[in-house]
Amino acid sequence: MKFPPSSADHGHACVLRVENLSVNIGSDCILKNVNLHVHCGQLVALIGPNGAGKSTFLKAVLGQREYEGVIAFSQPGQRSRKPRIGYVPQSPAFDPSDPVSVADLFACCMSRRPAFLGLGKSMRQTVLECLERVHGVELIDKRVGTLSGGELQRVLLALALEPMPNILILDEPLSGVDIEGMENLMDMLDEIRKTYDLSILMTTHDFSMLPRYADQVVLIDHAVLVHGDPETVLASAEFARAFQMKGGKP
Ligand code: ADP
Ligand code: MG
């Protein structure tokens, strides 16, 4: 099963090719024969009811789940190098009373220096440059546990963009973010993918964003129910069935 070409596909090579992907956990079949192609510079949204297997799919792509089938990466123009993948996990919960700052979080992830020693001058400059990519330099000294949903997503995004990946994978980046924050985040993802020519694969329950930002939408419920451009998927009988019957929010 292949994606129909979309307007964003012209001449764009495939950076991620998933064919007949199946994932079993114990005796449960979580995903069956899923096919998906992500092209260079595309934003592909994976949607589906809770428990449909969206996060499991992302974990298989990230190499964190055993699977059957094919997951192949390619990097146009650089045959020998595997693309770099950036990952923004579903929002982790941080304790508001925890003293860890955004700078400390970067220090833990990017430097071998113990966080309690603080950031060196050049490291602080690097963190500011990372936060600049998500218009978030003012967040550097804030406690992670006190960030709003949108601010936390921007910080996690900044972390995932260093070093700059070829494919960015985000698991429900819009959950816990208010409507204004959602638009800001989607605008930012759009800007980043155009500036750095990266491909984005994300899961979401916020379908109102899809027509404006997604090139392809894939609706799954353990298997692909329908895929195509956002308008086609949102208007499909499969979409209505998947969400109206299960109490989703189409
Ligand atoms: P989604 O992200 O679409 O809500 P998930 O991929 O998280 O769905 O989960 C799909 C199904 O797989 C669920 O029924 C979930 O309980 C099951 N599942 C996910 N991870 C595990 C695991 N580590 N062990 C057992 N079952 C799991
Ligand atoms: Mg999930």
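The set of residues in the range 146-187 that are open to solvent by less than 20 Å² (accessible area, probe 1.4 Å) and of a type in the set (Gly, Ala, Ser) comprises 150, 158, 160, 181. Apart from one condition, residue 190 fits all of (1) in a helix (DSSP H, G or I); (2) surrounded by 17 or more Cβ atoms within 10 Å (Cβ to Cβ); the exception is (2).
The set of residues from the range 19-38 being more than 10 Å from ligand 1 (Cβ to nearest atom), open to solvent by 20 Å² or more (accessible area, probe 1.4 Å) and closer than 19 Å to residue 218 by Cα comprises 19, 20, 32, 33.
Do you know which residues across the range 216-247 are outside any loop (DSSP other than H, G, I, E, B) and acidic (Asp, Glu)? Once the filter is applied, which keeps residues that are outside any loop (DSSP other than H, G, I, E, B) and acidic (Asp, Glu), the range 216-247 yields 231, 238. Looking only at residues in the range 146-170 that are at pLDDT below 95 and small (Gly, Ala, Ser), which one is farthest from residue 88 (Cα to Cα)? Per the criteria, the residue is 148.
Given the residues 96, 83, 92, 49, which is the only one that is within 16 Å of ligand 1 (Cβ to nearest atom) and at pLDDT below 90?
Values: 96 fails: within 16 Å of ligand 1 (Cβ to nearest atom); 83 fails: within 16 Å of ligand 1 (Cβ to nearest atom); 49 fails: at pLDDT below 90.
Among 96, 83, 92, 49, only 92 is within 16 Å of ligand 1 (Cβ to nearest atom) and at pLDDT below 90.
Out of 61, 34, 70, one residue alone is under 13 Å from the mean Cα position of the chain (by Cα) and at pLDDT 95 or above. It is 61. If you go through the range 127-145 and pick out every residue that is more than 23 Å from residue 164 (Cβ to Cβ) and surrounded by 14 or more Cβ atoms within 10 Å (Cβ to Cβ), you end up with 3. Residues of the range 143-187 that are of a type in the set (D, E, K, R) and outside any helix (DSSP H, G or I): 143, 162, 171, 172, 178. In the range 44-68, the residues that are on the phi > 0 side of the Ramachandran plot reach residues that are more than 7 Å from ligand 1 (Cβ to nearest atom) and open to solvent by 40 Å² or more (accessible area, probe 1.4 Å) with C-beta atoms within less than 7 angstrom, at least six apart or across chains, in these pairs: 53/222. All conditions but one from (1) surrounded by fewer than 22 Cβ atoms within 10 Å (Cβ to Cβ); (2) within 16 Å of ligand 2 (Cβ to nearest atom); (3) more than 30 Å from residue 122 (Cα to Cα) apply to residue 47; the one that does not is (1).
The values are calculated or read from the model by the stated rules, or taken from the named source; none is laboratory data. Keep in mind that this is a model prediction, so the values were computed, not measured. Quick reminder, even Gly has a Cβ in these numbers, built from the backbone with ideal geometry, and neighbours come from all protein chains shown. Quick note on the areas: whole protein, heavy atoms, side chains included, nothing else; ligands and nucleic acids left out. Shrake-Rupley method; radii C 1.70, N 1.55, O 1.52, S 1.80 Å.
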